[in-house]
1. So in the range 229-244, with the set limited to residues that are assigned to a loop (DSSP other than H, G, I, E, B) and not acidic (Asp, Glu), which one is most open to solvent (accessible area, probe 1.4 Å)?
2. Here is a list: 45, 79. Which entry is touching a residue at least 40 places away in the same chain (Cβ under 8 Å), under 47 Å from the mean Cα position of the chain (by Cα) and within 22 Å of residue 165 (Cα to Cα)?
3. Residue 57 - would you say it is closer than 14 Å to residue 92 by Cβ and assigned to a strand (DSSP E or B)?
4. Let me spell it out: the conditions are (1) open to solvent by less than 20 Å² (accessible area, probe 1.4 Å); (2) more than 27 Å from residue 222 (Cα to Cα); (3) part of a loop (DSSP other than H, G, I, E, B), and residue 108 meets all of them except one. Which number is the exception?
5. State yes or no: is residue 135 buried (at least 19 other Cβ atoms within 10 Å of the Cβ), in contact with an Asp or Glu (Cβ under 9 Å, 6 or more places away or on another chain) and in a helix (DSSP H, G or I)?
6. Spot the failing condition for residue 217; the list is (1) at pLDDT below 95; (2) under 21 Å from the mean Cα position of the chain (by Cα); (3) small (Gly, Ala, Ser); (4) crowded, with 22+ Cβ neighbours inside 10 Å, and only one is missed.
7. In the range 373-392, which residue that is in contact with a strand residue (DSSP E or B) (Cβ under 8 Å, 6 or more places away or on another chain) and open to solvent by less than 30 Å² (accessible area, probe 1.4 Å) is nearest to residue 507 (Cα to Cα)?
8. Among the residues of the range 448-463, is any modelled with pLDDT of 90 or more, crowded, with 18+ Cβ neighbours inside 10 Å and either under 15 Å from residue 368 (Cα atoms) or of a type in the set (Phe, Trp, Tyr) (or both)?
Amino acid sequence: MPNSQPPPRLDGDLDRVALFQGVQEAFASSLDILQLVAASPSRALFVARDRVLRRKVGLRVFIEQDHPARAWFERETELLAALDHPILRTVYAGGFMRDWAWRTVKWIEGESLRDTVARGPRPIPGVLQLARSLVSLLDYLHTQRIVIRRLAPSTVMIDAYERPSVTDLRFANVLLDAATPDPDSSKEPFVAPEVRDGSPGDPGSDIFSAAALLYFAVTGQPPAPDPRDIVAPRAIREACPVALERVIMRGLRPEPPGRYLTAVEMLDDLASDLGDYNVQVPLAPDPDQALEDPRAWEKRLRRALGDEYELFEELGSGGFGRVYLVRDLALEREVALKVLHPYLTVDPGVVERFRREARVAAQVVHPNIANTYDIGGRAGLIWYTMEYVRGRNLARVVQAEGPIAAERVVEILLDALGALDHAHKRGLVHRDLKPENLLIEDGTGVVQIADFGLAIALQVKEGFLGASSQSGTPDFAAPEQLLGERVDHRTDIYSLTLVGFYALTGLLPFGSAPVDAILARRAAGEMPELLTQRPGVPERLLRVFARGAARDPEQRFTSASEFAIALRETTHPTRGLFSNLFRRFVGPT
């Protein structure tokens, strides 16, 4: 509806109220005029409701019959009506009414890129969506030999779903013979330098304009008028993906030959690092595919991650799949992303257990538990994200520095036991404690446990998978796990004790023995000699380890807190620690 208070006249020749009433009367048979959105002495924009189709439309009216730009408006209407692209504003109808030329267009519930960036730079996923949309439009137009020549933040609308729409093609090369002089074009930072100098432009000119819009969206600032003075986006906003910065800066090169040759080349460069949001990949991949090749993994994952995450580097791998350092582009933070191997995700039961366990793990919050953030998947891959701990896992620490002092091992185990006590009281058992899952933070040395709930989610009918080390052998699994018996919180106590053995000696508790040999030795209560590997371990600590790794769960500590109390007591000064040492790591109690 029109404003309740008549707006001021724009000049002596235009009265908004009179204009509104005149348009309302002229289009009464087909449109309900709802609001005057913008007006100048020569043209006006209204939002209206189509009486027949019952939808909102935009109504553009060129008021002055003899205005030099009148023919330009009519030619642009014809051009827009002849084109069909998802992000180009659709023209529904056009014609003449009284002395006016008019057209109805798709009404976009949103605001211009200029207005939305006025509140701050756009979210990174929205910028990537804008990039793909603009490049797709350019490819469509360039195949028809149409060059837009001038894209600006005021001519790009963004709706509530971050979808962009280009609203006009007034400065396209095919309309130059009808265009009126534009004195401001030489100062427009979103126009390619050669177009500012009067050139009709070419596809490279549009690539410059698209890159300038992306620069504006990601930094909140227009690019410098002289391309040689443009500051790289990441210097302004560190969260800008490297691939996006590369594409922008190449598109903004001063000379057209230095830019992308085509819009498709520009899109391919972006997709090479950030993937293609709409890519289709088989949901049930052939197990014989070269997915063990890290490059094949990375290529497939980049395309699946789309606009959600920027992939930096691989952090590790295991029987479940691989873990990568990525940036969450929506929240602009680094996270660890663990992606399951595709041969696991072909089983719907595995996928459902994985989702269920991830939801449970996400509810357990503790300073010594790496937080689980999100779970997702696309194109046949499934992943979850967790807190990225800057540091190394215990396995890498031992590999790099050798066996760890007993006092430090106790500190590590106490951190882990605090996390286990918190989780066990909430009914969550880890089931896969191993050195790779104990993350040690740089600087503070604080330990965080990763992968709660993952082991049970990945159990398969063919055999034991959950408590596997990186080498694929169950080096830290409790006997009841290997036998397929019931597990509980005491299973974690056993595994953590073996982790302590590894930290003290730098060796796997049972070496590289086959699974059946390991199982036989554990069933018989046979355990490795700790003192032969690490002489001088305090007797009290040996006794604690003996109980923690007892064959029978009933003989172990009853809780993580009880285990922790016993460990703390080992740090008290005692005499005779090096006499009457245990000859066995664990034996009958």
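The values are calculated or read from the model by the stated rules, or taken from the named source; none is laboratory data. None of the values given here were measured: they were computed from a predicted structure. All Cβ positions, even for glycine, are placed from backbone atoms using ideal geometry, and neighbour counts span all protein chains on display. These accessible areas exclude ligands, DNA and RNA; they are computed on the full protein's heavy atoms, side chains included. Shrake-Rupley method; radii C 1.70, N 1.55, O 1.52, S 1.80 Å.
1. Narrowing the range 229-244 to residues assigned to a loop (DSSP other than H, G, I, E, B): 230-232, 237-241.
When the remaining residues are screened for being not acidic (Asp, Glu), the result is 230-232, 237, 239-241.
On the way: 230: 20, 231: 74, 232: 35, 237: 33, 239: 12, 240: 0, 241: 0 Å².
The selected residue is 231.
2. Numbers: 45 fails: touching a residue at least 40 places away in the same chain (Cβ under 8 Å).
Within the list 45, 79, the selection yields 79.
3. Working: closer than 14 Å to residue 92 by Cβ: yes; assigned to a strand (DSSP E or B): yes.
Yes, satisfied.
4. (2)
5. Working: buried (at least 19 other Cβ atoms within 10 Å of the Cβ): yes; in contact with an Asp or Glu (Cβ under 9 Å, 6 or more places away or on another chain): no; in a helix (DSSP H, G or I): yes.
No.
6. Every condition holds for residue 217 apart from (1).
7. Start the filter on the range 373-392 by keeping residues that are in contact with a strand residue (DSSP E or B) (Cβ under 8 Å, 6 or more places away or on another chain), which leaves 373-377, 381-392.
From the residues that got through so far, the ones that are open to solvent by less than 30 Å² (accessible area, probe 1.4 Å) too are 376, 381-386, 389.
Working: 376: 36, 381: 34, 382: 33, 383: 31, 384: 31, 385: 30, 386: 29, 389: 25 Å.
For the range 373-392, the residue satisfying everything is 389.
8. Initially, the range 448-463 is screened for residues modelled with pLDDT of 90 or more, giving 448-449.
The next check asks that each one be crowded, with 18+ Cβ neighbours inside 10 Å; those that pass are 448-449.
Keeping just the survivors that are either under 15 Å from residue 368 (Cα atoms) or of a type in the set (Phe, Trp, Tyr) (or both) gives 448-449.
Yes: the range 448-463 contains one or more residues that are modelled with pLDDT of 90 or more, crowded, with 18+ Cβ neighbours inside 10 Å and either under 15 Å from residue 368 (Cα atoms) or of a type in the set (Phe, Trp, Tyr) (or both).
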